[in-house]
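As structure tokens, the structure follows; a few thoughts come after it.
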Amino acid sequence: MNIGDVYHGLEGIVAVIVLSAAGVPIGISLGSVALLGLYLIAGPTLALVSLRTLPYATASSYSLVIIPMFILMGLVASEAGMMTDLYESINRWLARFRGSLLMVTTVASAAFGAVSGSSIVNAAVFTRLALPEMVRLGYKPGVSAAAIASAGTLASLIPPSINFVIYAILTEESIGKLLMAGLFPGILTTLVYMLGIAACVRIFKDWAPKTTKSYSWREKFSSMRRLWPVLILSSIIIGGIYSGITPPSAAGGVGAIGAIFVVAVQRRLTWAMLWNSLKQTVEISALLAVILFGGLLFSRFLTISGFVTALVDWFNQAGLGTFHFMLMVILLFLVLGMFMDTMSMLVITIPILYPIVKAMGINGIWYAVIIVKLMEIAVVSPPVGLNLFTVMAATDQKITIGELYKGVLPFIIFDLFTIGLLFLFPAIATWLPDHMM
């Protein structure tokens, strides 16, 4: 192992962390450090060629169009009030259980994740939709807010997941297989949350009041008429990709057009709503593009410097097994998740860890699911959990940050339990991608 190569890579990583901590956007930090490193190591020609060709080659890739289309689909569905319909329908089926609103939020967030792909959108909308009613009925405010923030993360796992698409672009794994790989783990996470909430509301009586409201079977079944927009859109995306009818790169466009069509049929489509959705799509996509370009440049810098090769050689010589390596990855992400946003974690760690994953023969699809699960934990991990601050910003309720931090801890434990199940039964993540048509 060349010590000089390791030092070059470590200097670059430290520089990115320092710039990010100083408030420089992560995409700019990654790109500027990468270009400076390429200039110092390989000269100005390679640095300039990388700057001119890499972003263009990535932006012109047909597969990248899936990201803005998924974003547009989620925004149109959200603006049209599909979340409200979904929430009210599921509430009629679960109302008789203690802690029902916590469970309803979890299931509704998972279901809407099948047309959204953004955990922040889910957390923000369900905060405005559910939190005031929870507090009014006597639910513990910190736990209620934490449940909404945690349930919002399900959109990062259940297809269409933007995190999986970015991971696929960074690693050249199959986008379709990665999207399908998140479906069963997403359902498993939802079930674990439901069982965990059911247990906790019985152990901790102050979490939720006793329920007194119930609905007739007629009311329950009549409410299911509100579910058809979400069922149609999720079927178009998941069914199209799994069956092979719709290529992953085209699924986003089909989903976006489908969302606009469904909203138009419901007579909820307005020019103002469509314009607002398009404008937000451009803003979010541009931000993600800068981060993606910076990450790809940084990946090239780590490769050219020899850091990645040296690190892979060290792991091979150390003789670490898969379990010990994955344990190190989990600990790394748990620590990073306390101080960094998920996209920063993804674009910084993938160039370093993914070559080691391939060298050790670890299934890349299963590994991606573990990483996205860890990213879910990161967005609700104190003190810099993005979903936690999203909930705080979206509510008018008086909830202290201490109450929120305390309330989210059980949900982090639920997520760690789910990761344990994925270790014991890897087929939960790999069976569906292996049987795609």
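The values are calculated or read from the model by the stated rules, or taken from the named source; none is laboratory data. For clarity, every value in this text was computed on a predicted model and none was experimentally measured. Positions of Cβ are generated from backbone atoms using ideal geometry, with glycine treated the same way; all protein chains shown enter the neighbour counts.
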Notebook entry, point to check: Do you know which residues across the stretch 319-339 are touching a residue at least 40 places away in the same chain (Cβ under 8 Å), within 15 Å of Leu374 (Cβ to Cβ) and surrounded by fewer than 22 Cβ atoms within 10 Å (Cβ to Cβ)?
Noted result: Met326, Val329, Ile330, Leu334, Leu336, Met338, Phe339
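Given the structure, is Leu346 surrounded by fewer than 20 Cβ atoms within 10 Å (Cβ to Cβ), assigned to a helix (DSSP H, G or I), at pLDDT 80 or above and not charged (D, E, K, R)?
no
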Check: Scanning the stretch 178-233 for residues that are among the polar types (S, T, N, Q) and surrounded by fewer than 13 Cβ atoms within 10 Å (Cβ to Cβ), which turns out nearest to Val265 (Cα to Cα)?
Finding: Ser216
Notebook entry, point to check: Can Lys358 be described as closer than 24 Å to Ser174 by Cα, among the basic types (Lys, Arg) and more than 19 Å from the chain's Cα centre (by Cα)?
Noted result: yes
Next item on the list: Please work out which residue is surrounded by the fewest Cβ atoms within 10 Å (Cβ to Cβ), limiting yourself to the stretch 95-141 and to residues that are of a type in the set (Lys, Arg) and in a helix (DSSP H, G or I).
Entry: Arg136
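Only one residue in Ile236, Ile241 is crowded, with 21+ Cβ neighbours inside 10 Å, touching a residue at least 40 places away in the same chain (Cβ under 8 Å) and not hydroxyl-bearing (Ser, Thr, Tyr). Which one?
On the way: Ile236 fails: touching a residue at least 40 places away in the same chain (Cβ under 8 Å).
Going through Ile236, Ile241 in turn, the sole match is Ile241.
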Check: Got a sec? Which of Ser32, Ser50, Ser20 is over 27 Å from Ile241 (Cα atoms), touching a Ser or Thr at 6+ places or on another chain (Cβ under 6 Å) and not basic (Lys, Arg)?
Finding: Ser20
Notebook entry, point to check: Which condition number in (1) outside any helix (DSSP H, G or I); (2) over 22 Å from Trp207 (Cα atoms) is the one that Leu422 fails?
Noted result: (1)
Next item on the list: Sort through Ile245, Ile238 and tell me the only one that's under 24 Å from the mean Cα position of the chain (by Cα) and aliphatic (A, V, I, L, M).
Entry: Ile238
Notebook entry, point to check: buried (at least 17 other Cβ atoms within 10 Å of the Cβ), touching a Pro at 6+ places or on another chain (Cβ under 9 Å) and closer than 24 Å to Gly27 by Cα, is that true of Leu388?
Noted result: yes
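Among Leu75, Leu40, Leu51, Leu64, which is the only one that is more than 26 Å from the chain's Cα centre (by Cα), surrounded by 14 or more Cβ atoms within 10 Å (Cβ to Cβ) and touching a residue at least 60 places away in the same chain (Cβ under 8 Å)?
On the way: Leu75 fails: more than 26 Å from the chain's Cα centre (by Cα); Leu40 fails: touching a residue at least 60 places away in the same chain (Cβ under 8 Å); Leu64 fails: more than 26 Å from the chain's Cα centre (by Cα).
Just one listed residue meets the conditions, Leu51.
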Note to self: If I filter the stretch 256-278 for residues that are without any contact (Cβ under 8 Å) to a residue 60 or more places away in the chain, within 25 Å of the chain's Cα centre (by Cα) and over 28 Å from Leu131 (Cα atoms), do I get at least one hit?
What the structure shows: yes
Note to self: If the requirement is being of a type outside the set (Ser, Thr, Tyr) and surrounded by fewer than 17 Cβ atoms within 10 Å (Cβ to Cβ), which of these qualifies: Phe293, Phe261?
What the structure shows: Phe261
Item checked: Residue in the stretch 16-44 that is modelled with the lowest pLDDT, counting only those that are farther than 16 Å from Arg300 by Cα and hydrophobic (A, V, I, L, M, F, W, C) -> Ala21
Margin query: Looking at the stretch 315-332, can you tell me whether even one residue there is more than 30 Å from Val408 (Cβ to Cβ) and aliphatic (A, V, I, L, M)?
Written below: yes
Notebook entry, point to check: Just checking, how many residues over the stretch 387-422 are under 15 Å from Ala123 (Cα atoms) and in contact with a Ser or Thr (Cβ under 7 Å, 6 or more places away or on another chain)?
Noted result: 6
Check: How about the stretch 193-211: which of its residues are in contact (Cβ under 8 Å) with a residue 24 or more places away in the chain and of a type in the set (Lys, Arg)?
Finding: Arg202, Lys210
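Run down Ser344, Ser381 and say which single residue is without any contact (Cβ under 8 Å) to a residue 60 or more places away in the chain and hydroxyl-bearing (Ser, Thr, Tyr).
Values: Ser344 fails: without any contact (Cβ under 8 Å) to a residue 60 or more places away in the chain.
When all the criteria are applied, what remains is Ser381.
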Notebook entry, point to check: Would it be correct to say that Arg92 is crowded, with 18+ Cβ neighbours inside 10 Å, under 30 Å from Ser222 (Cβ atoms), touching a residue at least 40 places away in the same chain (Cβ under 8 Å) and of a type in the set (Lys, Arg)?
Noted result: yes
Check: Are any of the residues in the stretch 367-382 within 23 Å of Ala145 (Cα to Cα), small (Gly, Ala, Ser) and touching a helix residue (DSSP H, G or I) at 6+ places or on another chain (Cβ under 8 Å)?
Finding: yes
Notebook entry, point to check: Given the residues Ser299, Ser285, which is the only one that is within 27 Å of Ser344 (Cβ to Cβ), touching a residue at least 60 places away in the same chain (Cβ under 8 Å) and crowded, with 21+ Cβ neighbours inside 10 Å?
Noted result: Ser299
